[in-house]
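Please read the structure below before turning to the comments.
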Amino acid sequence: DGGITQSPKYLFRKEGQNVTLSCEQNLNHDAMYWYRQDPGQGLRLIYYSQIVNDFQKGDIAEGYSVSREKKESFPLTVTSAQKNPTAFYLCASSIGGTGLAYNEQFFGPGTRLTVL
Amino acid sequence: AQSVTQPDIHITVSEGASLELRCNYSYGATPYLFWYVQSPGQGLQLLLKYFSGDTLVQGIKGFEAEFKRSQSSFNLRKPSVHWSDAAEYFCAVGGHTGGGNKLTFGTGTQLKVEL
């Protein structure tokens, strides 16, 4: 079955610690995205990558970092610089290319991060 | 900059009743418009999308949406709601911005279905 997997489903972190969220897709998609979801705020774009070894900041990139060393993987690191990291994090992918804006995005099940 | 407004935070309907969820967008050119649905604690699933052509688009699970350029709206409708439709619904607009092509999501509408 093709799809997107995110792990872990729940993650707890102490203040001051970095933590990495995993996102893997086997859809052969070029583009991948990370969103943050907070109650009443919808989805906000953190980072996106249109191709391997390339990524761009989204609307709320401060305190986050990513890498794209493989087509199928796009891990997100939440650093200690992120002031309010408790949220639901969603990874997505699409076929990419220049038409990012009109390609359907496929979403993973999400990771809920809680800072203790 | 592109933006999306979903004016209704919560909507409650009875099972079997009709449903309309509102979405207004702001975008300088012809927009790409989407409706996604999210069940609790899950990712999002695409219901339907509009790029061009017929302004009434059909989606999965019996949903449809109508693009009205004059009103900058893309409202989602369903003639008869089922209890399993209870979820959160997000409208999104896609387009090129200074930072590259991306989707902008609305804040969502939470749908409750009364049996």
Between a first residue in region B:50-71 that is closer than 19 Å to B:Ala17 by Cα and a second residue that is assigned to a loop (DSSP other than H, G, I, E, B) and among the small types (Gly, Ala, Ser), which pairs have beta carbons less than 8 Å apart while being 6 or more apart in sequence or on different chains? B:Gly62/B:Ser80; B:Ala65/B:Gly59
Does A:Ala101 satisfy the condition of being within 14 Å of chain B (Cβ to nearest Cβ), at pLDDT below 90 and not in a strand (DSSP E or B)? yes
Sort out which residues of region A:12-22 are away from chain B (no Cβ under 14 Å) and buried (at least 18 other Cβ atoms within 10 Å of the Cβ), and write them in order of number. A:Val19
Take region B:75-115 and flag every residue that is modelled with pLDDT of 95 or more, within 14 Å of chain A (Cβ to nearest Cβ) and assigned to a strand (DSSP E or B). B:Ala87, B:Glu88, B:Tyr89, B:Phe90, B:Cys91, B:Thr109, B:Gln110
I'd like the full set of residues that are exposed (fewer than 13 other Cβ atoms within 10 Å of the Cβ) and part of a strand (DSSP E or B), limited to region B:1-33. B:Ser3, B:His10, B:Thr12, B:Ser14
Can you say whether B:Gln58 is facing another protein chain (nearest Cβ under 9 Å) and either touching a helix residue (DSSP H, G or I) at 6+ places or on another chain (Cβ under 9 Å) or farther than 22 Å from B:Thr5 by Cβ (or both), as far as the supplied structure shows? no
So in region A:67-78, with the set limited to residues that are surrounded by 14 or more Cβ atoms within 10 Å (Cβ to Cβ) and among the charged types (D, E, K, R), which one is nearest to the other protein chains (Cβ to nearest Cβ)? A:Arg68
Go through region A:26-66 and give me each residue that's more than 9 Å from every other protein chain (Cβ to nearest Cβ), of a type in the set (Gly, Ala, Ser) and not in a strand (DSSP E or B). A:Ala61, A:Gly63
Residue in region A:23-51 that is surrounded by the fewest Cβ atoms within 10 Å (Cβ to Cβ), counting only those that are touching a residue at least 24 places away in the same chain (Cβ under 8 Å) and out of contact with any Phe, Trp or Tyr (no Cβ under 9 Å at 6 or more places or on another chain): A:Asn28
Quick check: anything in region A:86-94 of a type outside the set (Phe, Trp, Tyr), surrounded by 15 or more Cβ atoms within 10 Å (Cβ to Cβ) and in contact with a Ser or Thr (Cβ under 7 Å, 6 or more places away or on another chain)? no
Taking only region B:40-73 into account, find how many residues are surrounded by 14 or more Cβ atoms within 10 Å (Cβ to Cβ) and either assigned to a helix (DSSP H, G or I) or hydrophobic (A, V, I, L, M, F, W, C) (or both). 10
Does B:Val37 fit the bill of being more than 10 Å from every other protein chain (Cβ to nearest Cβ), surrounded by 12 or more Cβ atoms within 10 Å (Cβ to Cβ), more than 14 Å from the chain's Cα centre (by Cα) and not aromatic (Phe, Trp, Tyr)? no
In this structure, does A:Pro85 turn out to be within 14 Å of another protein chain (Cβ to nearest Cβ), closer than 30 Å to B:Pro7 by Cα and not in a strand (DSSP E or B)? no
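The values are calculated or read from the model by the stated rules, or taken from the named source; none is laboratory data. On a predicted model such as this, the values are computed, not experimentally measured, just so you know. For neighbour counting, all protein chains shown are included, and Cβ atoms are generated from backbone atoms with ideal geometry for every residue, glycine included.
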